[in-house]
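Take a look at the structure set out below.
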Amino acid sequence: MPPLRTALLQSSGRPGSVDENLKVLDEAAGRAAAAGAGLLVCPEMFLTGYAIGADVHRLAEPADGEAADAVADIAVRHGLAVHYGYPERDGDVVYNSAQLIGPDGARLANYRKTHLFGCFEQEWFTPGEDAVVQAELGGLTIGLMICYDVEFPENVRAHALAGTDLLLVPTAQMHPFQFVAENVVPVRAFENQMYVAYVNRTGPEGEFEFVGLSCLAGPDGASRARAGRGEELVFGDADPEFLRASRENNPYLRDRRPGLYASLI
């Protein structure tokens with residue numbers, strides 16, 4: 001199977017405006033497709049903005065709402081899959097969610113953030129309950145996660161044990177926690193033998209300063225793509241053959257002794 005060229009859209013878009021963010025997404029999808037990408041990954045809460053207070057609830061939509069239809073149209077027109085973050089309304093509650101739309105416009109997977117970070121998220125969102133959400137794309141098993149979730153090693157290990165090849169992690173990583181992007185994410189990729197696409201917002205937004213540094217980390221712990229601090233579209237390949245060979249040579253998962261770890265839960 002050929003590598004899956006993956007585009008990482010490091011951008012905060014236009015906080016508070018779904019229409020403007022869809023325009024940013026459309027333009028980025030065009031550039032990504034022209035560069036041969038089969039997948040475009042956007043940051044956490046890209047559709048609406050992150051630090052938008054009560055507008056989180058005002059702009060929240062169902063997973064199959066009008067915005068999802070608009071993203072599906074973008075995916076079809078440009079012929080690539082799109083993964084984006086958004087506030088999801090389900091009845092009376094709102095989740096911090098991310099959805100993967102296939103190149104044919106089909107909704108492949110929807111994930112609700114399970115670990116909410118800080119007072120801001122805990123005020124506006126309900127935590128999700130499904131730790132492992134997956135889909136198939138380009139011959140790879142794609143896993144979905146959001147930001148703070150990846151900082152819990154149990155979370156990523158659950159994906160590894162479930163067969164995730166490429167873990168998509170839209171994020172709103174802020175100062176002074178840039179060491180997560182620089183160090184934690186590549187280690188997660190190595191210790192779990194998978195690719196991790198970690199895609200951040202950038203610049204000031206409300207009380208936060210997002211640090212960029214988006215990356216596609218490989219199973220060898222090296223970054224196949226790494227953005228700077230500003231708005232940027234970067235590319236990296238998730239190579240199934242390299243992943244297979246890496247897993248053969250790195251025995252973390254084979255050498256586990258689960259009977260010793262019962263105290264963790």
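The values are calculated or read from the model by the stated rules, or taken from the named source; none is laboratory data. Just so it is clear, the structure is predicted and the values come from calculations on it, not from any experiment. Neighbour counts are summed over all protein chains in view; Cβ atoms, including those assigned to glycine, are modelled from backbone coordinates with ideal geometry. These accessible areas exclude ligands, DNA and RNA; they are computed on the full protein's heavy atoms, side chains included. Shrake-Rupley method; radii C 1.70, N 1.55, O 1.52, S 1.80 Å.
Before we move on, is residue 75 more than 14 Å from residue 102 (Cβ to Cβ), open to solvent by less than 30 Å² (accessible area, probe 1.4 Å), in contact (Cβ under 8 Å) with a residue 24 or more places away in the chain and within 18 Å of the chain's Cα centre (by Cα)? Break it down stepwise before answering.
Details: more than 14 Å from residue 102 (Cβ to Cβ): no; open to solvent by less than 30 Å² (accessible area, probe 1.4 Å): yes; in contact (Cβ under 8 Å) with a residue 24 or more places away in the chain: yes; within 18 Å of the chain's Cα centre (by Cα): yes.
So residue 75 fails the test.
How many residues, within the range 21-69, are open to solvent by less than 10 Å² (accessible area, probe 1.4 Å), in contact with a helix residue (DSSP H, G or I) (Cβ under 7 Å, 6 or more places away or on another chain), farther than 18 Å from residue 235 by Cα and assigned to a helix (DSSP H, G or I)?
2
Which of the residues belonging to the range 163-192 are surrounded by fewer than 23 Cβ atoms within 10 Å (Cβ to Cβ) and not in a helix (DSSP H, G or I)?
Residues satisfying the conditions are 163, 174, 175, 176, 177, 178.
Testing residue 6 on (1) in contact (Cβ under 8 Å) with a residue 12 or more places away in the chain; (2) of a type outside the set (Asp, Glu); (3) open to solvent by 20 Å² or more (accessible area, probe 1.4 Å); (4) not in a loop (DSSP other than H, G, I, E, B), one condition comes back false. Which one is that?
(3)
If I filter the range 97-148 down to residues being part of a strand (DSSP E or B) and basic (Lys, Arg), which single residue comes out as least open to solvent (accessible area, probe 1.4 Å)? Talk me through it step by step, then tell me what you get.
Filtering the range 97-148 for residues part of a strand (DSSP E or B) gives 97-101, 107-112, 133-137, 140-144.
Now narrow it down to the ones that are basic (Lys, Arg): 107, 112.
On the way: 107: 122, 112: 68 Å².
The residue in question is 112.
When you look at residue 254, is it assigned to a helix (DSSP H, G or I) and among the basic types (Lys, Arg), yes or no? Let's see the steps before the verdict.
Details: assigned to a helix (DSSP H, G or I): no; among the basic types (Lys, Arg): yes.
So residue 254 fails the test.
Go through the range 222-265 and give me each residue that's closer than 14 Å to residue 160 by Cβ and open to solvent by less than 40 Å² (accessible area, probe 1.4 Å).
243, 246
Mind telling me which of the residues 76, 94 ends up being part of a helix (DSSP H, G or I) and not small (Gly, Ala, Ser)?
On the way: 94 fails: part of a helix (DSSP H, G or I).
It is 76.
Does the range 30-53 contain any residue that is at pLDDT below 95, farther than 17 Å from residue 171 by Cβ, out of contact with any strand residue (DSSP E or B) (no Cβ under 6 Å at 6 or more places or on another chain) and not polar (S, T, N, Q)?
Scanning the range 30-53 turns up at least one residue that is at pLDDT below 95, farther than 17 Å from residue 171 by Cβ, out of contact with any strand residue (DSSP E or B) (no Cβ under 6 Å at 6 or more places or on another chain) and not polar (S, T, N, Q).
Which one of the conditions (1) under 18 Å from residue 10 (Cβ atoms); (2) charged (D, E, K, R); (3) over 18 Å from the mean Cα position of the chain (by Cα) does residue 232 fail to meet, given that it meets all the rest?
(3)
Can residue 213 be described as crowded, with 17+ Cβ neighbours inside 10 Å, assigned to a loop (DSSP other than H, G, I, E, B) and touching a strand residue (DSSP E or B) at 6+ places or on another chain (Cβ under 8 Å)? Before the answer, list the steps.
Working: crowded, with 17+ Cβ neighbours inside 10 Å: yes; assigned to a loop (DSSP other than H, G, I, E, B): yes; touching a strand residue (DSSP E or B) at 6+ places or on another chain (Cβ under 8 Å): yes.
In short, yes.
Output the residues belonging to the range 172-226 that are closer than 20 Å to residue 144 by Cα, more than 17 Å from the chain's Cα centre (by Cα) and among the hydrophobic types (A, V, I, L, M, F, W, C).
Residue satisfying the conditions is 190 alone.
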